[in-house]
Amino acid sequence: MDGKTLLLEIGTEEIPAHAMPGILDQLKSSAEAIFKDNRIAIGAIKTLGTPRRLALIVENVAERQADVSEERRGPSTKIAFDAAGKPSKAAIGFARGQKVSPDDLITRDGYIYAVIHQTGAATDELLKIMLPKIICGLNFPNNMRWGDLDFKFIRPIRWLVALLDDAIIPFEVANVKSGRISRGHRFLSDGDFSIDKAADYVSACEKNFVIVDQDQRRVMITAEIEAVAKEHGGRAEITDDLLEEVLYLVEYPTALAGAIEQKYLELPAEAVITPMRDHQRYFPVKSFDGALMPLFITVRNGGREYLDIVQHGNERVLRARLEDAKFFFEEDRKKSLEEHREKLKTVVFQEGLGSVYEKTQRLEKLSAKIATMIRADDADRAHALRAARLSKADLVTGMVTEFTELQGVMGREYAKLDGEPIEVAIAIDEHYMPRFAGDAQPQSTPGRILSLADKIDNLVATFSRGLIPTGSQDPFALRRQALGIVNMLVEAHQSISISELVDEAMDLLGINDDDRREKMQSDIADFMKLRLKNILSSDIRYDVIDAVLEDVDDIYAVTLRARAVESFLNTPDSARIIQSFVRAGNIAKKSLAMSIDEKLLSADAEVVLYKAFNAIKVVAVELIAKRDYVGALEALRKLAQPIDAFFDAVMVMAEDERVRTNRLGLLKSIDELVRGVADFAKIVL
């Protein structure tokens with residue numbers, strides 16, 4: 001498709017780096033919507049951005065919006081025409097209102113219609129209205145006002161470029177008029193520069209030391225960091241989140257290395273990396289054996305001039321940070337974790353729920369309960385309980401108070417230095433996992449035990465205050481913690497009763513009201529059910545998920561049942577067998593009793609079904625207890641033929657009440673056995 005290229009550049013003061021990806025996505029979607037609404041055909045659309053500019057490039061923009069024809073219905077033909085077939089006053093008035101001749105009206109289905117033809121307007125005229133709407137329609141979590149303007153934006157707008165090929169699209173926003181003048185790099189360029197035509201935008205920016213394409217900038221930053229690290233014989237640790245932040249802090253990236261004094265490398269590696277990465281946006285460098293090197297890499301917003309001065313300045317800033325870390329570490333080491341634990345008595349856990357010290361006491365008891373439930377050996381049990389006791393002690397250390405990202409990490413390091421078993425130290429760190437989306441799960445048994453205990457306690461404690469997450473609000477990160485519980489149990493292939501753990505947690509929190517306990521059990525089960533549903537939906541049919549989600553007390557078992565049912569659906573005659581199960585279940589709804597009196601079985605078909613049920617029940621119950629749901633379904637499929645024969649030959653709703661109740665009890669017993677795997681009534685055949 002041939003067309004013109006549109007450029008819109010919004011020049012601003014520096015926009016916070018974390019906001020940029022979302023703003024660029026929003027700019028693109030807003031532009032796509034407004035072009036569609038205005039019936040203007042376009043080709044590829046792309047958004048570009050640096051800290052000081054948001055840019056929209058739209059290719060192959062049609063010169064005019066599409067023509068449109070619309071039929072508008074008027075009065076019925078009985079009213080629209082007189083006896084002679086001529087247009088009545090009603091028809092003439094309708095035609096006048098639609099700005100068409102009465103002779104052009106058409107009739108169909110007993111009504112008159114006016115056909116309205118609207119010729120598309122010129123795109124360059126429409127863009128004068130569309131582009132300001134795009135700018136003013138952007139939403140931000142935090143806005144600014146400047147001057148005496150009643151206009152809000154994430155940062156003050158300083159210039160606007162709007163070109164359709166080489167022609168300026170004139171408009172004004174916040175007292176800033178659009179044109180073709182952009183601004184180069186603050187220090188490297190000569191200042192303002194002119195863009196001759198929209199297609200030249202990226203190259204024109206680059207000539208003025210602005211790499212405006214974030215994808216190109218990302219490649220440059222990564223390559224430069226890796227090259228500098230290789231030059232010094234190491235490997236840079238480039239995390240996606242840090243790279244994304246640095247990406248939107250610079251317009252013309254240049255990587256350089258700085259030195260770290262050897263004395264700071266005596267600190268635990270994370271105590272050096274955290275101030276470096278999270279506070280200064282530096283990239284750590286490790287040797288190929290994984291050891292932290294006395295080196296960091298930073299990315300400046302500029303060229304290669306005076307790199308020695310820039311290096312010295314960054315080294316000085318980091319040195320101050322690491323000196324603080326060294327001081328806190330040395331002060332912390334004057335006490336053991338056990339001694340630090342006492343100070344937890346002064347730290348409130350949640351309003352009305354005591355101190356963090358009391359929380360650690362609950363964690364010890366919950367960990368003991370979980371260790372019993374998963375049949376942990378004596379060593380894992382002891383390590384989990386010791387880790388639970390010390391799990392929060394690092395929260396009151398100077399290092400974690402200053403660098404909160406190090407909770408758990410410093411607990412692990414201090415536990416090692418205290419001479420605690422390595423299993424205890426690892427569990428203290430792992431119990432916070434997963435710390436963020438995509439983070440690893442605890443790998444050690446003591447770590448899993450303590451992590452489960454901590455997350456269950458957090459859920460029950462927060463739910464007890466009525467603070468159940470709604471919408472996007474989740475200040476205590478309960479969704480992430482519930483998801484962590486689900487993933488942990490599934491990955492570890494561990495079956496535990498969530499309701500038993502919730503009961504234990506409520507006991508430890510002193511929640512005694514029966515109605516309140518029942519509601520909390522229901523609320524937490526529903527909360528876990530949603531997390532489990534989200535996980536299963538990635539590769540399991542929606543109806544299969546619905547069929548196994550009635551009871552989520554044993555999370556791992558639910559996933560096994562889902563996969564067994566999905567596999568069963570791919571076997572021969574599965575549809576017929578499911579219909580047999582569903583038919584039995586539908587009739588069984590009419591009965592609450594499951595008792596069966598063999599003496600009341602008279603028809604041959606019901607005797608055969610009863611004997612088949614008894615034989616299969618023994619096998620199926622054992623397989624279900626072992627969580628072999630594939631095997632259980634293979635056993636249960638043998639009931640389908642006797643069920644069908646029963647319905648063909650037997651009147652379930654017999655006149656004799658005892659016989660009727662007995663037959664319903666047999667079907668109810670079969671239905672309950674089948675439901676031990678799934679509610680097949682929810683399967684869509």
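The values are calculated or read from the model by the stated rules, or taken from the named source; none is laboratory data. Quantities reported herein were computed from a predicted structural model and do not represent experimental measurements. Cβ sites come from the backbone with ideal geometry, for glycine too, and all protein chains shown count toward neighbours. Side chains included, ligands, DNA and RNA excluded: accessible areas come from the protein's heavy atoms. Shrake-Rupley method; radii C 1.70, N 1.55, O 1.52, S 1.80 Å.
Note on the stretch 362-426: enclosed helices (runs of 4 or more DSSP H) holding 1 or more residues that are in contact with a Ser or Thr (Cβ under 7 Å, 6 or more places away or on another chain) and open to solvent by less than 20 Å² (accessible area, probe 1.4 Å) are 378-390, 409-417. Count of the stretch 152-166 residues, restricted to those that are farther than 30 Å from E63 by Cβ and either buried (at least 17 other Cβ atoms within 10 Å of the Cβ) or touching a strand residue (DSSP E or B) at 6+ places or on another chain (Cβ under 6 Å) (or both), is 4. Among the candidates N487, N458, the residue that is touching a Leu at 6+ places or on another chain (Cβ under 9 Å), of a type in the set (S, T, N, Q), open to solvent by 10 Å² or more (accessible area, probe 1.4 Å) and not in a strand (DSSP E or B) is uniquely N458.
Of the residues making up the stretch 572-598, those that are more than 20 Å from K638 (Cα to Cα) and among the hydroxyl-bearing types (S, T, Y) are S591, S595.
Within the stretch 586-601, being farther than 22 Å from A625 by Cβ and surrounded by 14 or more Cβ atoms within 10 Å (Cβ to Cβ) holds for I587, A588, S591, L600, L601. In the stretch 646-668, which residue that is small (G, A, S) and open to solvent by 10 Å² or more (accessible area, probe 1.4 Å) is farthest from V621 (Cα to Cα)? Looking at residues that are small (G, A, S) and open to solvent by 10 Å² or more (accessible area, probe 1.4 Å), I get A654. Just one of (1) surrounded by 13 or more Cβ atoms within 10 Å (Cβ to Cβ); (2) of a type in the set (A, V, I, L, M); (3) under 30 Å from F171 (Cα atoms); (4) out of contact with any strand residue (DSSP E or B) (no Cβ under 7 Å at 6 or more places or on another chain) fails for M20. It is (4). Considering the stretch 232-250, and only residues there that are touching a helix residue (DSSP H, G or I) at 6+ places or on another chain (Cβ under 7 Å) and open to solvent by 80 Å² or more (accessible area, probe 1.4 Å), the residue that is nearest to Q311 (Cα to Cα) turns out to be L249.
Here S522, S495, S538, S567 are screened, and the one residue that is outside any helix (DSSP H, G or I), open to solvent by 40 Å² or more (accessible area, probe 1.4 Å) and of a type in the set (S, T, Y) is S538. Applying the selection to the stretch 334-360, what residues are open to solvent by 70 Å² or more (accessible area, probe 1.4 Å), of a type in the set (D, E, K, R) and touching a residue at least 40 places away in the same chain (Cβ under 8 Å)? Once the filter is applied, which keeps residues that are open to solvent by 70 Å² or more (accessible area, probe 1.4 Å), of a type in the set (D, E, K, R) and touching a residue at least 40 places away in the same chain (Cβ under 8 Å), the stretch 334-360 yields K343, E351.
Take the conditions (1) exposed (fewer than 13 other Cβ atoms within 10 Å of the Cβ); (2) closer than 20 Å to T50 by Cα; R145 misses just one of them, which is (2). The residue list A681, A654 contains one member that is among the aliphatic types (A, V, I, L, M) and in a helix (DSSP H, G or I), which is A681. Do we find that I374 is under 28 Å from the mean Cα position of the chain (by Cα) and of a type in the set (A, V, I, L, M) in this structure? The answer is no for I374.
All of R627, R583, R637 fail the test of being in a loop (DSSP other than H, G, I, E, B) and either within 26 Å of L560 (Cα to Cα) or among the acidic types (D, E) (or both), apart from R627. Filter the stretch 258-292 for residues that are in a strand (DSSP E or B) and buried (at least 19 other Cβ atoms within 10 Å of the Cβ) and give the result. If the condition is that a residue be in a strand (DSSP E or B) and buried (at least 19 other Cβ atoms within 10 Å of the Cβ), then G258, F283, P284, V285, L292 are the ones that fit. Does the stretch 640-663 contain any residue that is among the aliphatic types (A, V, I, L, M) and closer than 24 Å to D554 by Cβ? So far as the stretch 640-663 goes, no, none of its residues is among the aliphatic types (A, V, I, L, M) and closer than 24 Å to D554 by Cβ. Suppose the filter is β-branched (V, I, T), without any contact (Cβ under 8 Å) to a residue 24 or more places away in the chain and open to solvent by 20 Å² or more (accessible area, probe 1.4 Å); does V100 pass it? In short, yes. Any residue in the stretch 233-244 that's free of Cβ contacts under 8 Å to residues at least 40 places away in the same chain: show its pairings with residues that are open to solvent by 50 Å² or more (accessible area, probe 1.4 Å) at Cβ separation under 9 Å, as long as the two are six or more apart or on different chains. Listed by first residue and then by second, the contacts come to T239/R277; D241/F436; L243/R218. Residue-level analysis places E504 outside the set of residues that are surrounded by fewer than 17 Cβ atoms within 10 Å (Cβ to Cβ) and at pLDDT 95 or above. Is the stretch 104-126 home to any residue that is within 24 Å of E32 (Cβ to Cβ) and charged (D, E, K, R)? Yes; the residues of the stretch 104-126 include at least one that is within 24 Å of E32 (Cβ to Cβ) and charged (D, E, K, R). Restricting A255, A223, A229, A199 to those that are outside any strand (DSSP E or B), open to solvent by less than 20 Å² (accessible area, probe 1.4 Å) and not polar (S, T, N, Q) reduces the list to A229. Picking from residues in the stretch 602-615 that are in a helix (DSSP H, G or I) and touching a residue at least 24 places away in the same chain (Cβ under 8 Å), the one that is most open to solvent (accessible area, probe 1.4 Å) is D604.
Remark: pairs (first residue in the stretch 301-323, aliphatic (A, V, I, L, M); second residue open to solvent by 30 Å² or more (accessible area, probe 1.4 Å) and part of a loop (DSSP other than H, G, I, E, B); Cβ separation under 7 Å; 6+ apart in sequence or on different chains) = V317/Q280; L318/Q280.
The condition of being closer than 30 Å to L395 by Cβ, over 38 Å from the mean Cα position of the chain (by Cα) and not polar (S, T, N, Q) does not hold for K326. Among residues of the stretch 644-667 that are charged (D, E, K, R), those with a beta-carbon under 6 Å from a residue that is outside any helix (DSSP H, G or I) at least six positions away or on a different chain give the pairs R660/M653; R660/A654; R663/V652.
Given the conditions (1) on the phi > 0 side of the Ramachandran plot; (2) at pLDDT 95 or above, and given that I426 satisfies all but one, which numbered condition is not satisfied? For I426, the exception is condition (1).
With respect to the conditions (1) out of contact with any His (no Cβ under 9 Å at 6 or more places or on another chain); (2) at positive phi, G408 lacks only one, and its number is (1).
Conditions tested, residue by residue: (1) at pLDDT below 90; (2) farther than 30 Å from A204 by Cα; (3) of a type in the set (S, T, N, Q); (4) out of contact with any helix residue (DSSP H, G or I) (no Cβ under 7 Å at 6 or more places or on another chain).
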position	(1), (2), (3), (4)
R52	no, no, no, yes
I57	no, no, no, no
T77	yes, yes, yes, yes
Q98	yes, yes, yes, yes
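Does the stretch 300-311 include one or more residues that are at pLDDT 95 or above, of a type outside the set (D, E, K, R), open to solvent by less than 30 Å² (accessible area, probe 1.4 Å) and not in a loop (DSSP other than H, G, I, E, B)? There is no residue in the stretch 300-311 that is at pLDDT 95 or above, of a type outside the set (D, E, K, R), open to solvent by less than 30 Å² (accessible area, probe 1.4 Å) and not in a loop (DSSP other than H, G, I, E, B).
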